[in-house]
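*Asks:* Here it is, the structure in full.
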Amino acid sequence: IVCQIVKGKTFTNSIREIALELVYSLAKNVPGAVKKSNNFKNIFIPLMFELLLEVDNIDNIPAWEKQVEEDEVDLDDIFYGVRDGFERLSIDLGGKFFMEATSGFINKYRTSQNWVEIHAAFTALAFMSEGCKEQYKSHLLEILGFVSNGLTNQHPRVRYAALSAFG
C-alpha cells in the first residue's frame, strides 16, 4: 500500500513523502524486519530508483543552475525525499545489506544511455556513502573508475552528481 501511494502521482508530493517516511521509520526502529521483507527488496528498492528519475527542472538547466543546496530542503519534489532516504536506509540497515540490495540497480543505471538514469546511479552512490563506507573501501577502484567517467559526461547534472559521489 505504501509503495502504491508513493507511486501515485495523483497524490501530492507531501503525501508521497509521508509514505516514504513510514518505511524510513520502520527501517530505523525495526531494521531486522525490514531486511527480511521481500517486498522491501523486490518492490521498495526498485521504486526508490524509479523515483530518482523524477528530477526537478528536468529540461530547464538554467533554473537548476540557480538553485542552491540549502534551498533543496524546502523543495516539494519527491526526488529529494528519496535521495535523502538512500542515506538514512544505508545507515539504518547497514552498508553490507544496502549495498547488496542496490548494486544491481546502480550497475544497470550507470551503463544507461539516458542521462537521468546515470544521474540516479551517481545520486544513489553519493547519498548511501555514509552507510556503505566499508563496502566502498573494498570496491574503491571500481567506484572511482565509474565516478571519474561521470566527471566528463556531457550533461551538467550528471557531472554534478558524479562530483557529489566523488566527494
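Read the figures in this text as sums done on the coordinates, not as results from a lab. Bear in mind that the values here come from a model prediction, so they are computed numbers and not experimental data. When we count neighbours, we look across all protein chains shown, and the Cβ atoms used for this are built from the backbone with ideal geometry, even at glycine.
*Asks:* Once the Cβ-Cβ distance between residue 41 and residue 77 is put in as r, and R0 is 25 Å, what FRET efficiency do you end up with, to the nearest 0.05?
*Replies:* Values: r = 25 Å, r/R0 = 1.02.
With R0 = 25 Å, the Cβ-Cβ based efficiency is 0.45.
*Asks:* Also, I was wondering about something else. Students often get this wrong, so check it: of 9/35; 35/133; 7/96; 96/137; 36/96; 41/96, which have C-alpha atoms separated by over 22 Å? Let's see the in-between values first.
*Replies:* Numbers: 9/35 27 Å; 35/133 19 Å; 7/96 27 Å; 96/137 12 Å; 36/96 14 Å; 41/96 14 Å.
Correct reply: 9/35; 7/96.
*Asks:* Moving to a separate point now. Quote to one decimal, in nm, the extra length available between residue 148 and residue 13 on full extension: 0.36 nm per residue of separation minus the C-alpha distance between them.
*Replies:* Values: separation 135, 0.36 × 135 = 48.60 nm, distance 3.32 nm.
Gain on stretching residue 148 to residue 13: 45.3 nm.
*Asks:* Relative to the Cα centre, what is the charge dipole magnitude of the chain, using +1 at the beta carbon of each Lys and Arg, -1 at the beta carbon of each Asp and Glu, and rounding to the nearest 20 debye? Please list the in-between numbers first.
*Replies:* On the way: 17 positive and 22 negative charges, 168 e Å.
So the magnitude is around 800 debye.
*Asks:* For residue 163 and residue 100, what does the FRET efficiency come to when R0 = 25 Å and r is the distance between their Cβ atoms, rounded to the nearest 0.05?
*Replies:* Computed FRET efficiency for residue 163 and residue 100 comes out at 0.45.
*Asks:* Could you give the nm distance between label points at residue 30 and residue 133, where each point is 7 Å from its Cα heading toward the beta carbon?
*Replies:* 3.0 nm
*Asks:* Can you run the Rg to Rh ratio on the chain? Use alpha carbon positions and the Kirkwood inverse-distance Rh. Intermediate results must be reported in sequence, preceding the final value.
*Replies:* On the way: Rg = 15.4 Å, Rh = 16.2 Å.
Result: Rg/Rh = 0.95.
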